[in-house]
Amino acid sequence: MEEIRKIIHIDMDAFYASIEQRDNKKLKGKPVIVGGDPHSRGVVATCSYEARKYGIHSAMPSSVAYKRCPYAYFIWPRFDVYKKVSRQIRDIFYRYTDLVEPISLDEAYLDVTNNKKGIKYATQVAKMIKDDILRETGLTSSAGVSYNKFLAKIASDYNKPNGLKVITPEDKQEFLDTLPINKFHGIGNVTERKLRNLGVNNGYDLRQLSINQLESIFKNRGYVFYQLARGVDDRKVEPYRERKSVGSETTLSSNLDMNDEEVLDILSEICEDVSNRLKHSNKVGKTITLKVKYDDFTKITRSISLEHPIYKAEDIRTSVYNLVKNLESNKGKIRLLGVTVSNLLENEKNLTHITIFEYLDYIKESTKQ
Ligand code: DCP
Ligand code: MG
């Protein structure tokens with residue numbers, strides 16, 4: 001039999017808002033809303049638990065939040081501080097295990113089955129991590145402990161804030177049977193409505209549907225729901241590995257000479273692609289590498305290192321064209337071209353003067369893996 005895994009899901013409480021309350025005494029115990037301006041088109045990023053009593057929540061227009069609680073403190077986000085805290089909590093996780101899968105700045109899965117401290121009980125590990133976080137950052141978090149990701153995540157949400165909930169294989173079924181249908185992983189508004197129309201309101205109801213019924217309604221997802229209702233989720237904790245380079249390459253449809261004009265056009269497109277990938281992962285890089293494969297299968301690479309990091313297509317192209325100029329042109333026909341940008345750094349934008357739209361883009365980028 002396969003070993004039962006020990007998975008922890010950690011999620012910080014009212015993350016941005018708690019940091020603002022921590023750093024400004026006047027905000028303690030008060031409704032605090034972090035996000036855009038209530039008098040323009042701002043959006044709530046998050047709010048303190050005091051503000052949640054007024055029905056305020058993430059992604060709500062700040063103007064609506066203002067109507068619900070005009071006395072709330074509206075605070076513009078300080079991403080640099082949130083990122084710093086995020087790194088601090090990640091470093092705490094790594095003391096216990098390298099199997100850490102960050103989901104966003106304030107949330108991660110940990111596989112502590114074979115943890116670095118040799119602690120037998122995952123609940124004890126979760127307690128220690130919560131204590132470390134509180135001691136070192138002054139912030140509370142909630143932890144869910146179980147034998148898979150789905151149940152660990154549900155558990156961390158169970159008694160927020162400052163919660164710790166364990167779901168064992170013995171008590172999973174009772175827990176799942178009473179769980180409202182919208183709390184199941186992957187069940188959004190549309191699916192919830194469909195299920196409720198079928199009279200399926202909780203995990204028990206879901207478990208009464210056969211695999212055939214589920215698959216005829218939800219296709220492939222039907223099988224997933226069937227499994228989740230029974231507490232089965234085999235997804236692994238996938239540790240995040242820092243990207244070392246971003247690149248793109250193209251095998252040519254017909255072999256070309258280095259002097260052919262088409263070569264520059266193809267390289268230009270590749271640079272565009274690399275630039276988009278860099279933007280996507282919010283990175284900039286200092287080293288640009290050109291790769292050329294010839295029809296005799298020999299390969300050469302040429303690199304250039306810049307003083308300042310770049311990410312724009314036109315800047316990458318300038319470097320690549322310079323590398324092309326210095327290539328010996330008589331090496332034969334080309335069959336593949338590639339461009340890589342390495343020596344990567346975070347693209348630290350100036351976040352103090354951004355619009356709410358840029359801010360929302362930034363959030364999307366910075367929480368993406
Ligand atoms: N966030 C955001 N926009 C959203 C959702 C979240 O900017 N639509 C940001 C602000 C949150 C952070 O991400 O502080 C973490 O998101 P969570 O969903 O974990 O929310 P909180 O940590 O704020 O509250 P909770 O205690 O419910 O986890
Ligand atoms: Mg959170």
The range 61-127: C-alpha pair distances exceeding 20 Å, %: 49 percent
Calculated over the chain: convex hull of Cα atoms, volume per residue (Å³): 209 Å³
GNM flexibility winner over the chain from Ala59, Ala17, Ala122 (Cα, springs under 10 Å): Ala59
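Normalising by the residue count of the range 1-169, find the relative contact order in percent from Cα pairs under 8 Å and 6+ residues apart.
Details: 344 pairs, mean separation 46.4, N = 169.
After rounding, I find 27 percent.
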Whole-Å distance, taken between Cα centres, linking the range 39-84 and the range 194-214: 36 Å
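Which whole-number percent is the relative contact order of the range 173-228 (Cα, under 8 Å, 6+ apart)?
32 percent
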Listed residues Val112, Val85, Val292, most fluctuating in the chain (Gaussian network, C-alpha, under 10 Å): Val292
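Restricting to Cα pairs below 8 Å that are 6+ residues apart, what does the relative contact order work out to for the chain? Please round to a whole percent. Mind showing how you got there, number by number?
On the way: 661 pairs, mean separation 54.3, N = 369.
Computed value for the chain: 15 percent relative contact order.
Given only helices, namely DSSP H runs of n ≥ 4 each adding -39500 (n - 2.57), what is the per-residue ellipticity at 222 nm of the chain, to the nearest 500 deg cm²/dmol? Each step should come with its number before you reach the end.
Details: 14 runs with 147 residues, N = 369.
So the helix-based figure for the chain works out to -12000 deg cm²/dmol.
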Taking Lys293, Lys165 and counting other C-beta atoms within 10 Å, the order from fewest to most: Lys293, Lys165
Most mobile of Ser253, Ser305, Ser146 in a GNM of the chain (Cα contacts under 10 Å): Ser253
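Which of Ile217, Ile167, Ile8 has the fewest other C-beta atoms within 10 Å, and how do the rest follow up to the most? Intermediate values should be presented prior to the final figure.
Values: Ile217 15, Ile167 22, Ile8 31.
The order, fewest Cβ neighbours first, is Ile217, Ile167, Ile8.
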Straight-distance crosslink candidates among lysines, where the alpha carbon sits under 25 Å from Lys299 and sequence neighbours closer than 8 are dropped: Lys244, Lys286, Lys291, Lys325, Lys331, Lys333
Fewest-first sequence of Met12, Met128 by Cβ atoms within 10 Å of each Cβ: Met128, Met12
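Just tell me, in residue order, which DSSP H segments of the chain are both 24 angstrom or longer along the helix axis (alpha-carbon based) and at least -1.0 in mean Kyte-Doolittle hydropathy. Walk me through the numbers before you get to the answer.
On the way: long enough: 79-96 (26 Å, -0.75); 261-280 (29 Å, -0.32).
Correct list, ordered by number: 79-96, 261-280.
Bear in mind that the values in this text are calculations on the coordinates, not laboratory data. From a predicted model like this one, the values you see are computed outputs, not experimental measurements. Here the Cβ is made from the backbone with ideal geometry for all residues, glycine too, and neighbour counts use every protein chain on show.
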